[in-house]
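The values are calculated or read from the model by the stated rules, or taken from the named source; none is laboratory data. Because the structure is predicted, anything quoted here is derived from the model rather than measured. Note that each Cβ is placed from the backbone with ideal geometry, even for glycine, and that neighbours are counted across all protein chains shown.
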Amino acid sequence: MSPVRPAPVFPYKLVATDLDGTLLRPDDTVSERTREALAAATAAGAAHIVVTGRSVAWTRHVLDDLGYEGIAVCGQGAQVYHAGEQRLLTSLTMDRRLAVLAIEKIEAETGPLHLAAARDGLHGEVLIGPGYQVQDGPLASIPSTDRDGLWAEPISKVYLQHPTLDDDELAAAALRIAGDL
C-alpha cells in the first residue's frame, strides 16, 4: 500500500492579474480554462486581485461577468474599487490645468489634436471632442463640441489623437514635448 500524499501546497498567497492580454481574450471574455485556474488558486488559499490600466468604468462589466467580488486596482493605480460592494474606495483625478497646459504645449508643435476626457467616478463617461474616433466598448460616450467642457468636471484620463500622426508617433512627441509635466 502506497502512502497517501498530501495535496500540493499552492506556493503563492496572492495572484494579481491584468485584464488586457492576460485575463481577457481578444473578444473581452474570460475563458473557462482561466476561470478554472483562478478558482483553483483561490481554493488553494491565494487571494486574487485585478490590476489594470483600465478605469473602473471600463472594468466593472468584466468583474461582474467573472463574479469577482474582491479589490481591483484600476486606471494605472489611480483608482481602487471594491467589486463586491460596487464601491470606489479611492480615486485620484488629473490636475485639469496641467492637462490643458500639456495639450497646449503638444499642439504648439504638432498642430491640433482630437481629444476625449474620461470623467471620474464609477460610471466615468467619456466626453468626445470633435474629430476624436471612438473605440467600441461598454462605456458611454458623450459628444461634446465645447472643448472647455471636457475639463468642467474632475477627470481620470485624457485621450489624444492626431489627424496624421499614428499612436506611437504621437506618444513619442507627447513624451518629448510634455513628458516633464
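For the reader, a short list of remarks on this structure follows.
- The criterion of at least 1 residues that are free of Cβ contacts under 8 Å to residues at least 60 places away in the same chain and of a type in the set (Gly, Ala, Ser) is met, among strands (runs of 3 or more DSSP E) falling completely within region 24-87, by 47-51, 71-74.
- Residue under evaluation Glu32, criteria (1) at pLDDT below 90; (2) loosely packed, with under 10 Cβ neighbours inside 10 Å; (3) within 15 Å of Val62 (Cα to Cα), criterion not met: (1)
- Residue in region 167-177 that is over 21 Å from the mean Cα position of the chain (by Cα), surrounded by 13 or more Cβ atoms within 10 Å (Cβ to Cβ) and in contact (Cβ under 8 Å) with a residue 24 or more places away in the chain present: yes
Every residue, every condition in (1) within 30 Å of Ala83 (Cα to Cα); (2) out of contact with any strand residue (DSSP E or B) (no Cβ under 6 Å at 6 or more places or on another chain); (3) β-branched (Val, Ile, Thr), yes or no:
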position: Gly121; (1), (2), (3): yes, yes, no
position: Val126; (1), (2), (3): yes, no, yes
position: Thr145; (1), (2), (3): no, yes, yes
position: Leu150; (1), (2), (3): yes, no, no
position: Ser156; (1), (2), (3): yes, no, no
position: Leu160; (1), (2), (3): yes, yes, no
position: Leu175; (1), (2), (3): no, yes, no
position: Asp180; (1), (2), (3): no, yes, no
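- Here Val100 fits the description: under 26 Å from Cys74 (Cα atoms), at pLDDT 95 or above and not acidic (Asp, Glu).
- Complete set of residues in region 93-121 that are within 17 Å of Ala172 (Cα to Cα) and β-branched (Val, Ile, Thr): Ile103, Ile106, Thr110
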